[in-house]
Amino acid sequence: MPAAVLALTAGAFGIGTTEFVIMGLLLQVAAEMHVSVPAAGLLISGYALGVFAGAPILTLATRRMPRKAVLLALMAIFTLGNAACALAPNYALLMAARVLTSLAHGTFFGVGSVVATSLVAEDKRASAIATMFTGLTVATLLGVPFGAWFGLLLGWRAAFWAVAAIGIVAFAVLAVFVPAAVGQNDEQVAIRDELAVLARPQVQLGLAMTVLGFAGLFTVFTYIQPILTRVTGFPEAAVSPILLVFGVGLSVGNVAGGRLADRGLSRALLGTLATLAVVLVVFALVLSLKVLTVLLVGLLGAAAFATVAPLQLRVLETAGPAGQTLASSLNIAAFNLGNALGAWAGGMTIDHGADFIALPLVAAAITSAGLVLALVSVRLDRPKPAQAVCPAQ
């Protein structure tokens, strides 16, 4: 892969760390901020909704700026937002800081996906997207478990200071390796033409299946710490190593999803969503067994991130050249709307009296709805059979 794609991976690592790190710190944040665990979970929803709102706005606002300048500006916002999280004196300001940080997320991945696919051959586009998203998997593999351990050792605020430092390093790597000329030869598309892409049914279906697919994951993953400690019976100190297993699964699934999508996008789309739904059901069945729970945590990571490259490439292909940047950013927003929906669905399930053990089953139902939309979308791709012409009487 070109060095510029690997530089995008570094930026993705920083953003992925700040998005997910709080999941291993929910109990500590809830205790210090004097809020319930579901309320602390809303810090994840707030971040995700910020991505959903910020992605289209910032993408359109920066559409005529050089792509490298956009990426650097977004990384600066990310770094300042994490410093604000570390300094937040109360829950309201912590939520505001999380939303500020989230504004960089959708446009960074949206612009980054377009840049990554423009730097490789046609048959490597899904793999280029998967390579960039490897930053997210490494963030979960190393950043999130380290953040949970670091937060447990020095307090959750220290974890956010560490993430801000990662942002500074990512900014420097992007500044050095992303070519200044990237995207300069792209044809300028009128804003109305970009917006018109959103009216396409296949683009709408692609965004909707992304929302539902990832909502299933985050119905469970948002509450992974209390699930592991209160249902399976692990001590808090075991959460970080188990999240490491999840990260290993993400790494494997991310690469596999990219390769499968390069070989056959429709098959990869249906197969990965179906696999995720099945893994969630099995996860619910084994939560009383510690060894199998750890194994399923890894499989959950693999199944979830195997869907990323197929879902992202599906939206890029159905959008066409005229609306790729906006559609790409909106699909990143859709991933995060799914995160918010999942965190909300999980919180509502708990607030209505269900135990944490019910969350994987709720998650499987949501992901299955995304699979149904994928089936509809793939069926619409099939050419309609020619109608027989009746001979004249």
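Suppose the filter is among the charged types (D, E, K, R) and surrounded by fewer than 24 Cβ atoms within 10 Å (Cβ to Cβ); does Arg98 pass it? Against the criterion (among the charged types (D, E, K, R) and surrounded by fewer than 24 Cβ atoms within 10 Å (Cβ to Cβ)), Arg98 does not qualify. Applying the criterion of at least 2 residues that are among the β-branched types (Val, Ile, Thr) and touching a residue at least 60 places away in the same chain (Cβ under 8 Å) to the helices (runs of 4 or more DSSP H) found wholly in region 1-61 leaves 3-20, 37-61.
Quick grid of which residues meet (1) surrounded by fewer than 24 Cβ atoms within 10 Å (Cβ to Cβ); (2) of a type in the set (Asp, Glu); (3) out of contact with any strand residue (DSSP E or B) (no Cβ under 8 Å at 6 or more places or on another chain); (4) under 24 Å from Ser328 (Cα atoms):
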{"site": "Ile15", "(1), (2), (3), (4)": "no, no, yes, yes"}
{"site": "Thr18", "(1), (2), (3), (4)": "no, no, yes, yes"}
{"site": "Gly24", "(1), (2), (3), (4)": "no, no, yes, no"}
{"site": "Ser36", "(1), (2), (3), (4)": "yes, no, yes, no"}
{"site": "Ile44", "(1), (2), (3), (4)": "no, no, yes, yes"}
{"site": "Tyr47", "(1), (2), (3), (4)": "no, no, yes, yes"}
{"site": "Ile77", "(1), (2), (3), (4)": "yes, no, yes, yes"}
{"site": "Gly81", "(1), (2), (3), (4)": "no, no, yes, yes"}
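Considered as a group, the residues in region 170-194 that are loosely packed, with under 15 Cβ neighbours inside 10 Å and of a type in the set (A, V, I, L, M) include one that is modelled with the lowest pLDDT, and that residue is Ala190.
Residues in region 219-263 that are within 24 Å of Leu43 (Cβ to Cβ) and among the polar types (S, T, N, Q) were compared, and the one that is surrounded by the fewest Cβ atoms within 10 Å (Cβ to Cβ) is Thr229.
Annotation note: of Ser288, Ser368, Ser266, the sole residue that is over 30 Å from Leu71 (Cβ atoms), polar (S, T, N, Q), surrounded by fewer than 24 Cβ atoms within 10 Å (Cβ to Cβ) and over 21 Å from the mean Cα position of the chain (by Cα) is Ser288. Number of residues in region 330-349 that are under 13 Å from Thr367 (Cα atoms) and modelled with pLDDT of 80 or more: the value is 5. In the set Leu72, Leu87, Leu94, only one residue is closer than 21 Å to Ala10 by Cα and out of contact with any Pro (no Cβ under 9 Å at 6 or more places or on another chain); that residue is Leu72.
Pairs are defined by a Cβ separation below 9 Å, a sequence spacing of at least 6 or placement on different chains, a first member in region 137-162 that is modelled with pLDDT of 75 or more, and a second member that is surrounded by fewer than 24 Cβ atoms within 10 Å (Cβ to Cβ) and outside any helix (DSSP H, G or I); the pairs so defined are Arg157/Ala88; Phe160/Ala88. Residues in region 106-126: is at least one modelled with pLDDT under 80, within 24 Å of Leu26 (Cβ to Cβ) and in a helix (DSSP H, G or I)? Yes - at least one qualifying residue is present in region 106-126.
The values are calculated or read from the model by the stated rules, or taken from the named source; none is laboratory data. Everything quoted here is computed from the prediction, not taken from an experiment. Heads up, the Cβs are rebuilt from the backbone with ideal geometry, glycines too, and the neighbour counts pull from every protein chain shown.
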